[in-house]
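Okay, so here's the structure we're looking at.
The values are calculated or read from the model by the stated rules, or taken from the named source; none is laboratory data. Predicted model only: the values in this text are computed from it and were never measured. In this analysis, Cβ positions are derived from the backbone assuming ideal geometry, glycine residues included, and neighbour counts consider all displayed protein chains. Ligands, DNA and RNA are stripped out before the accessible areas are found, and what is left, the full protein with its side chains, is counted by its heavy atoms. Shrake-Rupley method; radii C 1.70, N 1.55, O 1.52, S 1.80 Å.
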Amino acid sequence: MKQYLIFSLCIIILTISSCNHKQNPLDLPQNLEIIPSIDNSTDIYFDYENQVVVYLNTDKLNLHALSEVFEWAETKEKYSEIAFIFYLSGQDKEKIERELNNYHFPFPVLYDPSGSFFQQNKLDTVSLDNKNLLPFLVKKHQVQGLAQIGVTKHFQQQLEYLLNENK
C-alpha cells in the first residue's frame, strides 16, 4: 500500500509539472523490437490521432505502473480509439517479458534497450526530477500534458477529455 501511495504521489507531481510539455511533438521511433501483449498482439497504432505514449526505464524503476492494479485491460477495452504506445528501456529483456506476462499486460510494448525514444525526444532536458517514467497524452502528434496513469479515475477523465477535445 505504501508503494502505491508513493507511486500515486509521484504521478500527481508529474502531472502538476506537465505544463512545460504542452504542444510539443514527440518523435516515435518505430523500428524497435516489439514485445507482444499477453494475447500475442504486436499491433501498435502510430497513426491514431489520440495517443498515450509511455516511457519507462526498467533499469531504474520496476514495472509496477503496468500492473493489473491500474486496470490496463479495462482501459484498453473502453478506450479503443486511443493508441497506447509503450517504450521500455532496460537491459534485462527476459525480466521485462516475465513481468509483463505476470501482470497480464494487454498492450504490446516497444523494447528500447538503448533509450532511443528518450534520446530522440531530448527528455533529459525535461524539468522533472524523475525522468524514469514519463507518460504523455498526445493529440494529433502534439503533447497535451502528462498522463496520470497511477490515478485510474483521473487518468480516465484525462482520456475522456482527450477524445472529446476539438471534436
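Each residue in the range 55-75 was checked for being without any contact (Cβ under 8 Å) to a residue 40 or more places away in the chain and open to solvent by 70 Å² or more (accessible area, probe 1.4 Å), and 4 pass. Within the range 103-127, the only residue that satisfies the criterion of being of a type in the set (A, V, I, L, M) and part of a helix (DSSP H, G or I) is L123.
Among the conditions (1) over 13 Å from the mean Cα position of the chain (by Cα); (2) over 28 Å from I38 (Cα atoms), the only one that Q156 does not satisfy is (2).
For the condition open to solvent by 20 Å² or more (accessible area, probe 1.4 Å), touching a residue at least 40 places away in the same chain (Cβ under 8 Å) and not hydrophobic (A, V, I, L, M, F, W, C), N121 qualifies.
This table checks each residue for (1) acidic (D, E); (2) touching a Pro at 6+ places or on another chain (Cβ under 6 Å); (3) under 21 Å from L28 (Cα atoms).
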site: R98; (1), (2), (3): no, no, no
site: F117; (1), (2), (3): no, yes, yes
site: N121; (1), (2), (3): no, no, yes
site: H141; (1), (2), (3): no, yes, yes
site: G145; (1), (2), (3): no, no, yes
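Candidates are the residues of the range 127-167 that are in contact with a Lys or Arg (Cβ under 7 Å, 6 or more places away or on another chain) and not hydrophobic (A, V, I, L, M, F, W, C); the one that is nearest to A65 (Cα to Cα) is N132.
Number of residues in the range 128-167 that are in contact (Cβ under 8 Å) with a residue 12 or more places away in the chain and part of a loop (DSSP other than H, G, I, E, B) equals 13.
The set of residues in the range 128-167 being in contact with a Cys (Cβ under 8 Å, 6 or more places away or on another chain) and either buried (at least 21 other Cβ atoms within 10 Å of the Cβ) or among the charged types (D, E, K, R) (or both) consists of L133, G145, G150. Does L110 satisfy being open to solvent by 10 Å² or more (accessible area, probe 1.4 Å) and among the hydrophobic types (A, V, I, L, M, F, W, C)? Against the criterion (open to solvent by 10 Å² or more (accessible area, probe 1.4 Å) and among the hydrophobic types (A, V, I, L, M, F, W, C)), L110 does not qualify.
Across the range 37-54, which residue is nearest to Q158 (Cα to Cα) among those that are open to solvent by 10 Å² or more (accessible area, probe 1.4 Å) and in contact with a helix residue (DSSP H, G or I) (Cβ under 9 Å, 6 or more places away or on another chain)?
N50
Here L100 meets the list (1) among the hydrophobic types (A, V, I, L, M, F, W, C); (2) closer than 17 Å to N40 by Cα; (3) not in a helix (DSSP H, G or I) almost entirely, failing just condition (3).
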